[in-house]
Amino acid sequence: MTAQSRSGQNVSIGAHYAVHLPAPDDFAFWRERARGLIQCDVPPDRVSWIEPGGTGDLFAEGPSRSDKRLPMPPADAPPVRASQRFLTIARSAALHTDPARFGLLYRVLWRLQRSPRLMEDKADPEVRRLEDLAKSVRRDAHKMHAFVRFREVAEQDGTPHFVAWFEPDHHIVRAEAAFFMRRFANMRWSILTPRGSVHWDGEVMREGPPARREDAPGGDPVENLWRSYYASIFNPARLKVGAMLSEMPKKYWKNLPEADLIPALIAGAQAREAAMVRAGEREERARPETLADVAQGAAACRDCPIADCGTRAVAGEGPERAALMIVGEQPGDQEDTVGRVFVGPAGQLLDQHLTRAGIDRTGAYVTNAVKHFKFTWKGKHRLHQSPQAKEIDTCRWWLDAERALVKPRLVLALGASAARGILGRTVSVSRARGAPIMLDDGAELWVTVHPSYLLRLAGEAQTEQAALFAADLAMVRERLSELGG
Ligand code: URA
């Protein structure tokens with residue numbers, strides 16, 4: 001027997017539908033099926049969500065049908081409502097190991113169609129449960145970031161490969177692989193877990209089967225790699241004994257090579273703690289869609305301590321689409337005061353050189369690797385301090401977003417900090433200058449010195465270096481014409 005649904009669909013009365021998820025973390029699959037079922041008015045108690053090897057959730061009753069026979073929503077079915085907040089929470093909650101999670105997600109989505117503000121109801125038990133699931137998944141992800149330890153193994157061809165063992169509580173491995181890819185983009189590594197493994201060869205991510213602890217090498221982790229990694233993800237919650245235990249259960253307390261780093265890290269703990277919370281938010285933050293979003297986002301960003309130094313974040317400026325992007329290090333004293341890039345002495349020297357080389361600055365997008373001014377006080381003066389690698393890396397989020405929006409064909413990096421901002425790794429300017437480095441989006445990166453370097457020189461050295469700088473800009477000019485810029 002069938003009946004007409006709200007959307008005009010014929011739905012079998014009393015039918016039960018079984019949706020078999022291809023993987024326990026396949027949120028996209030759940031979302032697509034859930035949308036279709038809602039559009040066909042199939043109530044939550046008529047659906048079983050079954051993950052591989054599972055039996056479905058307890059809320060759905062009766063015999064199950066195959067998902068091949070799920071009703072098809074009509075073309076004119078009303079759109080399914082799901083607030084951004086629901087989607088953000090749902091994406092995390094879907095990775096929980098609770099077998100009832102997909103059913104819960106469906107029930108909340110179902111109710112959202114009638115109560116669009118449901119997610120704001122903090123007292124609602126289903127909303128609360130969803131938030132709890134999402135929170136515990138985020139915590140698991142955080143632990144994975146913090147406690148994965150790589151050990152070096154030599155491959156047959158002699159190249160190092162780093163292998164880590166980790167036991168997540170939830171289905172987070174696939175979702176978190178991107179985090180490690182960004183952190184260790186230039187290494188070959190594998191993370192083995194009982195829920196599955198991920199392998200990065202420097203170019204491609206592959207998934208592999210679940211692993212056993214014995215599959216991971218023993219011995220000490222690669223000390224330096226781990227120590228620098230640890231310093232960047234240091235979790236100040238460990239400083240509080242109570243929090244330490246909940247944050248870092250006993251099973252993670254083994255052979256911590258970083259223990260001797262802790263005193264130094266405590267000094268910056270508060271700033272890091274704030275940064276860490278924001279970094280968590282960042283993962284949930286959408287990529288900026290316009291350059292104005294970048295400017296606003298960078299202004300509000302407190303992901304690294306420099307943000308609290310200067311007066312303001314100094315946004316990049318120039319056409320939305322420019323063939324040439326010029327990247328400096330960070331705003332200086334005058335840029336920070338005025339709020340515009342390259343307006344101080346280094347900017348004036350840059351302008352003179354660009355004009356001489358025949359490069360129109362107004363046609364280029366000009367920005368910096370780091371958006372805030374880092375300095376120390378000397379008397380009444382603010383003295384420039386170079387940003388640290390991790391500060392540049394933190395600010396890459398904004399520079400990457402600018403590149404993705406402006407899509408320059410050629411990027412000119414002024415100095416080592418700028419080059420690191422673009423590449424995510426350190427290069428020697430003297431070795432890199434004079435030839436392009438191909439970027440992953442097909443653009444060319446040209447590296448030269450920063451104009452403030454020329455300002456610090458005098459006499460012959462200055463004349464010599466200025467000539468080399470001019471020659472670099474002349475090459476950039478020529479290459480831009482070849483690229484049609
Ligand atoms: N130096 C830079 O790298 N950028 C500026 O905007 C000014 C000085």
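Annotations
- The residue that is nearest to residue 371 (Cα to Cα), among those in segment 408-435 that are more than 16 Å from the ligand (Cβ to nearest atom) and buried (at least 18 other Cβ atoms within 10 Å of the Cβ), is 423.
- Residue within segment 394-402 that is open to solvent by 50 Å² or more (accessible area, probe 1.4 Å) and away from the ligand (no atom under 16 Å from the Cβ) present: no
- Some residue of segment 339-356 being of a type in the set (Asp, Glu) and in a loop (DSSP other than H, G, I, E, B): no
Condition check ((1) over 21 Å from residue 342 (Cα atoms); (2) under 25 Å from the mean Cα position of the chain (by Cα); (3) outside the structural domain of residue 390 (by TED's automatic domain parsing); (4) among the aliphatic types (A, V, I, L, M)) across all residues:
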residue	(1), (2), (3), (4)
410	no, yes, no, yes
419	no, yes, no, yes
423	yes, yes, no, yes
434	yes, no, no, no
448	no, no, no, no
452	no, no, no, no
462	no, no, no, no
467	no, no, no, yes
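- Selection status of residue 438, assigned by TED's automatic domain parsing to the domain that holds residue 384, touching a residue at least 12 places away in the same chain (Cβ under 8 Å) and open to solvent by 60 Å² or more (accessible area, probe 1.4 Å): no
- Residue within segment 338-353 that is more than 12 Å from the ligand (Cβ to nearest atom) and at negative phi present: yes
- Residues in segment 283-326 that are open to solvent by less than 80 Å² (accessible area, probe 1.4 Å) and of a type in the set (D, E, K, R): 285, 293, 302, 303, 317.
- Strands (runs of 3 or more DSSP E) (entirely within segment 127-197) containing at least 1 residues that are modelled with pLDDT under 90 and of a type in the set (S, T, N, Q): 189-193
Yes/no per residue for (1) over 27 Å from residue 135 (Cβ atoms); (2) in contact with a strand residue (DSSP E or B) (Cβ under 8 Å, 6 or more places away or on another chain):
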position: 152; (1), (2): yes, yes
position: 157; (1), (2): yes, no
position: 161; (1), (2): yes, yes
position: 165; (1), (2): no, yes
position: 173; (1), (2): no, yes
position: 190; (1), (2): yes, yes
position: 198; (1), (2): no, yes
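The values are calculated or read from the model by the stated rules, or taken from the named source; none is laboratory data. These figures come from a predicted structure and were not determined experimentally. Backbone-built Cβ (ideal geometry, glycine too); neighbour counts: all protein chains shown. Please note that ligands, DNA and RNA were not included when accessible areas were found on the heavy atoms of the full protein model with its side chains. Shrake-Rupley method; radii C 1.70, N 1.55, O 1.52, S 1.80 Å.
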